[in-house]
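The structure under discussion appears below in the form of structure tokens.
The values are calculated or read from the model by the stated rules, or taken from the named source; none is laboratory data. As the structure is a computational prediction, the values presented were derived from the model and not from experiment. Reconstructed Cβ throughout: ideal geometry from the backbone, glycine too, with neighbour counts over all protein chains shown.
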Amino acid sequence: MALHPDRLFPIESDARLIARRLFDAVERLPIISPHGHTDPSWYAKDEAFPDPASLFVKPDHYIFRMLYSQGIQLEDLGVPRQDGGPVETDGRKIWRLFAKHFYLFRGTPSRLWFQHALETVFGIEERLTEKNADALYDKIAGRLADPSMRPRALYKQFGIEAISTTDAATDDLAAHDAILKSGWDGRVVPAYRPDAVIDASRPDFRSNVESFTALAGTKLDYQGYLEAHRIRRAYFKKRGATSSDHGHPNARTANLSASEASALFERVLKNASVADADLFRAQMLTEMARMSTEDGLVMQIHPGSFRNHNASVFERFGMDKGADIPRSTGYVEELKPLLDAFGNDSRLTLILFTLDETSYSRELAPLAGHYPALRLGPAWWFHDSPEGMRRFRELTTETAGFYNTVGFNDDTRAYLSIPARHDMARRVDCSYLARLVADHRLDEDEAHEIAHDLAYRLAKQAYKL
Amino acid sequence: MALHPDRLFPIESDARLIARRLFDAVERLPIISPHGHTDPSWYAKDEAFPDPASLFVKPDHYIFRMLYSQGIQLEDLGVPRQDGGPVETDGRKIWRLFAKHFYLFRGTPSRLWFQHALETVFGIEERLTEKNADALYDKIAGRLADPSMRPRALYKQFGIEAISTTDAATDDLAAHDAILKSGWDGRVVPAYRPDAVIDASRPDFRSNVESFTALAGTKLDYQGYLEAHRIRRAYFKKRGATSSDHGHPNARTANLSASEASALFERVLKNASVADADLFRAQMLTEMARMSTEDGLVMQIHPGSFRNHNASVFERFGMDKGADIPRSTGYVEELKPLLDAFGNDSRLTLILFTLDETSYSRELAPLAGHYPALRLGPAWWFHDSPEGMRRFRELTTETAGFYNTVGFNDDTRAYLSIPARHDMARRVDCSYLARLVADHRLDEDEAHEIAHDLAYRLAKQAYKL
Amino acid sequence: MALHPDRLFPIESDARLIARRLFDAVERLPIISPHGHTDPSWYAKDEAFPDPASLFVKPDHYIFRMLYSQGIQLEDLGVPRQDGGPVETDGRKIWRLFAKHFYLFRGTPSRLWFQHALETVFGIEERLTEKNADALYDKIAGRLADPSMRPRALYKQFGIEAISTTDAATDDLAAHDAILKSGWDGRVVPAYRPDAVIDASRPDFRSNVESFTALAGTKLDYQGYLEAHRIRRAYFKKRGATSSDHGHPNARTANLSASEASALFERVLKNASVADADLFRAQMLTEMARMSTEDGLVMQIHPGSFRNHNASVFERFGMDKGADIPRSTGYVEELKPLLDAFGNDSRLTLILFTLDETSYSRELAPLAGHYPALRLGPAWWFHDSPEGMRRFRELTTETAGFYNTVGFNDDTRAYLSIPARHDMARRVDCSYLARLVADHRLDEDEAHEIAHDLAYRLAKQAYKL
């Protein structure tokens, strides 16, 4: 199916006309991508992408989780094993397997993102099938060598104005440095993601902290540890970072006294109990907020995922293999210590995400509709989808309005899906607005302003990009 | 924007026509307002309202919470400080600030309520902007002196048939007495809200209970305390009260033996632990239900709000400043003790509210669709909004039907928003019904009956007004 | 109202046309009913159903729970008392009471199911009212004696291809044997439901287990108990069973060592603490999964109901009287022990149900969209309704797709509602698909395939029928 110009618009005719007008004015706005997981070395090295399977299947956990759920082995999709054992290396075979099971993605956003990339990047309007798998493989493979398919050219083609990667606190940001030195005018900034030196439940926590303080040149005590954060944040900031990001199992925060916190640090450094690890993560969110009031980095919290739920997949293939499962996530009592300390502080911008949609109307919109420091991130991960985005707006707008949200971010490591995802978000937001205009809750001139804000201005402003 | 006659109606053309017909028949029905927070002295004294800011901004926590969330100081909105320190007193300045940020309310019910009041009460069809702020201020201010703008005249203009205030158990109800004595034919009744003498977690609990038993002339022991409730309920009932109301942090109930309850009372009177305070509130819900079976007061429970979440706003400005945040609220195990005692008792009507929409289909509709004593209150607080009301119907009707709900109540202290809120509720309910008719789940003659029931009859009947 | 051919279809004209085309192709597909509660003796004896009240009111807890919630006594509806005391026996009187209160069902699926049965089975197009109650009673009663109204004839008329009953582990399945011996070509298979010998919180648990092991001829120890399950599962399988079913208060699983499990068995056999009973149920889910990998029975979990919530109704009328209330149900940590053991095992099909819709998008779709052994059962019980089914698709499809769901099952003991329920499910699924086509998320040829899969193929395949 060729991409329909009215895709994702309201199916009611009046609202569809309004949505068209709104979308028409924002469709080509530059892309602000303030949070994602593309590889900075792509932009630094600007090399051609390898084969279609390496582009579309192997690195996309949305794709291979679905295939795996229907009995296809990860080995057969070329997903690398932890033990280095043999997996499929023939891109064409992997592609055929994907094509054969492409029907599984019906009704999912992956289907729409894929189709968008196929058509807008490769000019392919056909639906992928077992029959045309080889032909499409050849067509894509043939195009990949073209200079216009290099990361920097795509950056321009996609209309990206700024993009943030997500980087470990101990990362040397060499790729970012290389980009800066290269004189290329794309804007690729890092984000400070210190989970590995904050989550004391990890087996490698102590060694991570040791490397971290060594890198920063600080002592291995609590004050030195905090100082190391300050030093590394400054290091990130110098390379363009405007934000930190925190992926915790829950949204708990704490605000211990200096001596309690210091004692806690000593305990978790030795041998962290589950409770202490949780408390330490909680304490560190508040410390990060405190540092944000000092250095101005925007703070993001992405809580509530049970990571690596599938023990045998984790053992065999490692992290991020599509087995992260959301769980019930509370924010009201959890965020109170941090909010008591910094919730009214105009220097802090704290952007909250959730995988638990029950918190949208019950907790997040009421919190963001009151605390000056809080903003709501867009529908995230499994909810970064047409229905998910619609629910986000329906469940948050009436209490938090539009201006306590921060527009859209794509949160992806699938480069080609970036324009597809922004296209989807703009369409869904314009459709939501069109319905408000169609039933006379909003005037159309206002809807135009909001559409522009959601597509461009709010992300730029909230993330200081 | 002038109010559109089709506002909030379905945007599908067939359903819109049906909604028009349904709404046309209920639009002008009298307003039953069985639960709210208007000030009874308004009706007693019947004085003119002061300036526009005092009418629309200062007292409306929906308005100033949103402004505060975007960095506007409460002082600049004229919200009184606890310490009596200086705040803005110039109504015009406050109004300008509101006008400048009026765009923040796009997509919120506040926007629609405000617009409705502006147009229906003041004849203003323009949208408030920074530019027209002064002109609208003058127009409203000029009208406020008019006799037709006094509370009693508005009561008539709004088509109110009966309205309930909400009053502390120790309130002397002097304003209600004054209204009754005045011979005015409006019906303003009190509701018994004893939270201050039931919630032992309050610092002033003991002194509240002392005043309470002193007022009732009973002993300061558990029997005397219960007797004081009976006496005060009778006092309220004599002044027209038909209901009690209970705003607890959760929906927990208990049914202790007399001796356990008495011992618990003695403990919480001295120094209440968190657990004991919770248990005492739980016990008292069951006692209130018991008294309802005796005196016929309809019982309401409004649970699940974390009150005064923002410590510094609470310290500076006190209660009810837009920082009450809902939290996850369970009903199944929580209500069982009360329901085991009185759930099948035909003398009890217990109206349940929630701020946790997840309970609509999972717990509340199944409970209300079974227990004879239970009814569901309308979508509450943050959910008293077009999408919120739609979700309420979509999530409760299939299990509890329409007749285990009690129509609409406005729950507001913003007098001018009362007709706006009932207008909104009637439109949303008619739209929901119109869709059921349009896809042939319901006949239109039935929808007409239900629309009338939801707009008028069910509230009147359930609240015995 | 006569059944409208477009009932439950989208009210947007384009989508309605698409829905008509999709539904037209699946409307008359055979019914696969892989999970329900019809009485196997109906098919064995093939006797006429008694009067209309016995058919529509007395056995249908959807019906009498709603009537009870509005103050009608269960005695007056002919629901048998536990003590054998007098209840209404005059079917006509019961029918009149039902007719008088038929308006209570407006907006509920019961209304639509009833109307469907009335029209398609009895040719009655009128709406039941107090006025026509007697006439309709006579018309239905007159038809019940007709041979075409016997269970086997209806089975054919309804187009059932296979139907599963649900049977206690100790059931001798005599009715199933009788059906098999009779040579009738209908397919009525049992399902293995061992709750009574797994739930140690029941007062009769020990005696149940004693009968169970005695019946199987095994020892009364843990190994004997497990062996009894294997023996009884084989007994069921021989009579056509393809599945087991487990109705637990939560979804907790455990995977204890053999010695721990054995010790636990000994403890719960003597006197089960609440914690031990919970752990034993958890352990047994994993044991059932293990046996499924051996004997191939598909495993269903129906968790999360607080059974018999109303103490006095339970005491007076026993189980299943409309007082089962859902509660918050978690799956992420709860299922992990079982999934660690068998979640990647291609021999297991584990079908999950929920009464807690918050788990659809947060937990169930992410789990089923990853684990090969998992599939999602359709919207269940209170959510087996037009809005409930719509929400199920909207909340699961984007993450789990269509092919990790298993089509529809009716889960009913109301025989006449079976075709009505499948008709409803097919209409709602076709409407969901039609909207995806109308806004260009899906091509219509794909929607046709999916509609067929959801109506027929997926249930047949997942349940191995």
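Any idea which of (1) within 14 Å of chain C (Cβ to nearest Cβ); (2) within 24 Å of the chain's Cα centre (by Cα); (3) farther than 17 Å from A:ALA425 by Cβ is the one A:ALA15 doesn't satisfy?
Among (1) within 14 Å of chain C (Cβ to nearest Cβ); (2) within 24 Å of the chain's Cα centre (by Cα); (3) farther than 17 Å from A:ALA425 by Cβ, A:ALA15 violates only (2).
Within the range A:123-140, count every residue that is touching a helix residue (DSSP H, G or I) at 6+ places or on another chain (Cβ under 6 Å), surrounded by fewer than 18 Cβ atoms within 10 Å (Cβ to Cβ) and not in a loop (DSSP other than H, G, I, E, B).
0
Looking at the range C:254-284, which of the residues that are small (Gly, Ala, Ser) and within 22 Å of C:ILE301 (Cα to Cα) is surrounded by the fewest Cβ atoms within 10 Å (Cβ to Cβ)?
Restricting attention to the range C:254-284, the residues satisfying the condition of being small (Gly, Ala, Ser) are C:254, C:257-259, C:261-263, C:272-273, C:275, C:277, C:282.
Remaining after also requiring within 22 Å of C:ILE301 (Cα to Cα): C:254, C:261, C:275, C:277, C:282.
Working: C:ALA254: 21, C:ALA261: 21, C:ALA275: 8, C:ALA277: 20, C:ALA282: 22.
Only one residue fits best here, namely C:ALA275.
A:ILE72 - would you say it is without any contact (Cβ under 8 Å) to a residue 60 or more places away in the chain, aliphatic (A, V, I, L, M) and touching a Ser or Thr at 6+ places or on another chain (Cβ under 9 Å)? Show your work before the answer.
On the way: without any contact (Cβ under 8 Å) to a residue 60 or more places away in the chain: yes; aliphatic (A, V, I, L, M): yes; touching a Ser or Thr at 6+ places or on another chain (Cβ under 9 Å): no.
Spelling it out, it is not the case that A:ILE72 is without any contact (Cβ under 8 Å) to a residue 60 or more places away in the chain, aliphatic (A, V, I, L, M) and touching a Ser or Thr at 6+ places or on another chain (Cβ under 9 Å).
When the range A:45-102 is examined, which residues are found to be more than 14 Å from chain C (Cβ to nearest Cβ), more than 17 Å from A:ALA135 (Cβ to Cβ) and not in a loop (DSSP other than H, G, I, E, B)?
Listed by number, the residues that qualify are A:LYS45, A:SER54.
Only residues that are of a type outside the set (A, V, I, L, M, F, W, C) and surrounded by fewer than 21 Cβ atoms within 10 Å (Cβ to Cβ): list them for the range A:291-320, please.
Selection gives A:THR293, A:GLU294, A:ASP295, A:GLY296, A:ARG307, A:ASN308, A:SER312, A:GLU315, A:ARG316, A:GLY318, A:ASP320.
Give the number of residues within the range A:360-398 that are within 12 Å of chain C (Cβ to nearest Cβ) and more than 18 Å from B:ALA379 (Cβ to Cβ).
13
Do we find that A:ARG65 is touching a residue at least 40 places away in the same chain (Cβ under 8 Å), surrounded by fewer than 16 Cβ atoms within 10 Å (Cβ to Cβ) and not assigned by TED's automatic domain parsing to the domain that holds A:TYR415 in this structure?
Numbers: touching a residue at least 40 places away in the same chain (Cβ under 8 Å): yes; surrounded by fewer than 16 Cβ atoms within 10 Å (Cβ to Cβ): no; not assigned by TED's automatic domain parsing to the domain that holds A:TYR415: yes.
For A:ARG65, the condition - touching a residue at least 40 places away in the same chain (Cβ under 8 Å), surrounded by fewer than 16 Cβ atoms within 10 Å (Cβ to Cβ) and not assigned by TED's automatic domain parsing to the domain that holds A:TYR415 - is not met.
Is it the case that some residue within the range B:356-379 is surrounded by fewer than 21 Cβ atoms within 10 Å (Cβ to Cβ), basic (Lys, Arg) and not assigned by TED's automatic domain parsing to the domain that holds B:LEU112?
The answer is no; no qualifying residue exists.
Have a look at C:LEU22, C:LEU8, C:LEU29 and point out the one that is within 14 Å of chain B (Cβ to nearest Cβ), surrounded by 15 or more Cβ atoms within 10 Å (Cβ to Cβ) and either part of a helix (DSSP H, G or I) or in contact (Cβ under 8 Å) with a residue 24 or more places away in the chain (or both). Break it down into steps so the answer makes sense when it comes.
On the way: C:LEU22 fails: within 14 Å of chain B (Cβ to nearest Cβ); C:LEU29 fails: within 14 Å of chain B (Cβ to nearest Cβ).
Selected residue: C:LEU8, the only one of C:LEU22, C:LEU8, C:LEU29 that is within 14 Å of chain B (Cβ to nearest Cβ), surrounded by 15 or more Cβ atoms within 10 Å (Cβ to Cβ) and either part of a helix (DSSP H, G or I) or in contact (Cβ under 8 Å) with a residue 24 or more places away in the chain (or both).
Please go through the range C:213-248 and give me each residue that is in contact with a helix residue (DSSP H, G or I) (Cβ under 9 Å, 6 or more places away or on another chain), free of Cβ contacts under 8 Å to residues at least 60 places away in the same chain, within 20 Å of C:VAL298 (Cα to Cα) and not small (Gly, Ala, Ser), ordered by number.
C:GLU227, C:ILE231, C:HIS246, C:HIS248, listed by residue number.
Here is a list of conditions, (1) at the interface with chain C (Cβ under 10 Å from one of its Cβ atoms); (2) at positive phi, and B:ASN308 meets all of them except one; can you say which number that is?
(1)
Out of everything in the range C:141-152 that is more than 26 Å from the chain's Cα centre (by Cα) and assigned to a loop (DSSP other than H, G, I, E, B), what residue ends up being modelled with the lowest pLDDT?
Here the answer is C:ALA145.
When you check C:GLY407 against the structure, is it within 9 Å of another protein chain (Cβ to nearest Cβ), closer than 25 Å to C:THR38 by Cα and small (Gly, Ala, Ser), yes or no?
no
Which of (1) touching a residue at least 12 places away in the same chain (Cβ under 8 Å); (2) surrounded by 19 or more Cβ atoms within 10 Å (Cβ to Cβ) does C:ARG106 not meet, given it meets every other one?
(1)
How many residues does the range A:256-286 contain that are free of Cβ contacts under 8 Å to residues at least 60 places away in the same chain, outside any helix (DSSP H, G or I) and among the aliphatic types (A, V, I, L, M)?
Number of matching residues: 1.
Against the condition charged (D, E, K, R), under 23 Å from the mean Cα position of the chain (by Cα) and assigned to a loop (DSSP other than H, G, I, E, B), how does C:ASP177 come out, does it pass?
No, not satisfied.
Restricting to the range C:347-359, what's the tally of residues that are more than 14 Å from chain B (Cβ to nearest Cβ) and within 16 Å of C:LEU376 (Cα to Cα)?
5
State whether one or more residues within the range C:155-170 are part of a helix (DSSP H, G or I) and either farther than 18 Å from C:ILE418 by Cβ or among the aliphatic types (A, V, I, L, M) (or both).
No, every residue in the range C:155-170 fails to be part of a helix (DSSP H, G or I) and either farther than 18 Å from C:ILE418 by Cβ or among the aliphatic types (A, V, I, L, M) (or both).
Could you grab me the full set of residues in the range B:312-345 that are among the small types (Gly, Ala, Ser) and either within 24 Å of the chain's Cα centre (by Cα) or within 14 Å of chain C (Cβ to nearest Cβ) (or both)?
Kept after step one, since they are among the small types (Gly, Ala, Ser), are these residues of the range B:312-345: B:312, B:318, B:322-323, B:328, B:330, B:341, B:343.
Of everything in the range B:312-345, those that are among the small types (Gly, Ala, Ser) and either within 24 Å of the chain's Cα centre (by Cα) or within 14 Å of chain C (Cβ to nearest Cβ) (or both) turn out to be B:GLY318, B:GLY322, B:ALA323, B:SER328, B:GLY330, B:ALA341, B:GLY343.
Residue under question is C:ALA414, and the condition is that it be small (Gly, Ala, Ser) and either within 11 Å of chain A (Cβ to nearest Cβ) or over 19 Å from the mean Cα position of the chain (by Cα) (or both); does it hold? Step through it out loud before you land on a result.
Working: small (Gly, Ala, Ser): yes; either within 11 Å of chain A (Cβ to nearest Cβ) or over 19 Å from the mean Cα position of the chain (by Cα) (or both): no.
For C:ALA414, the condition - small (Gly, Ala, Ser) and either within 11 Å of chain A (Cβ to nearest Cβ) or over 19 Å from the mean Cα position of the chain (by Cα) (or both) - is not met.
Checking the condition modelled with pLDDT of 95 or more, over 15 Å from the mean Cα position of the chain (by Cα) and crowded, with 23+ Cβ neighbours inside 10 Å, which residue from C:TYR155, C:TYR192 passes?
Going through C:TYR155, C:TYR192 in turn, the sole match is C:TYR155.
Scanning the range B:109-122 for residues that are away from every other protein chain (no Cβ under 13 Å) and not aromatic (Phe, Trp, Tyr), which turns out surrounded by the most Cβ atoms within 10 Å (Cβ to Cβ)?
Looking only at the range B:109-122, we keep the residues that are away from every other protein chain (no Cβ under 13 Å), and these are B:117-118, B:120-122.
This time we only want the ones that are not aromatic (Phe, Trp, Tyr), so: B:117-118, B:120-121.
On the way: B:ALA117: 21, B:LEU118: 23, B:THR120: 16, B:VAL121: 20.
Ranking the qualifying residues of the range B:109-122, first place goes to B:LEU118.
Identify, by number, the condition in (1) more than 30 Å from B:PRO10 (Cα to Cα); (2) surrounded by fewer than 17 Cβ atoms within 10 Å (Cβ to Cβ); (3) not assigned by TED's automatic domain parsing to the domain that holds C:PRO109 that C:PRO34 doesn't meet.
It fails just one condition, (2).
Please verify whether C:THR213 is closer than 30 Å to C:LYS181 by Cα, touching a Gly at 6+ places or on another chain (Cβ under 6 Å) and either of a type outside the set (S, T, N, Q) or in a helix (DSSP H, G or I) (or both), treating the condition exactly as stated.
yes
Evaluate the range C:249-263: report whether one residue or more is closer than 22 Å to B:ALA368 by Cβ and at pLDDT 95 or above.
Yes, that holds for at least one residue.
Considering every residue within the range C:358-367, establish whether at least one is more than 21 Å from the chain's Cα centre (by Cα) and β-branched (Val, Ile, Thr).
no
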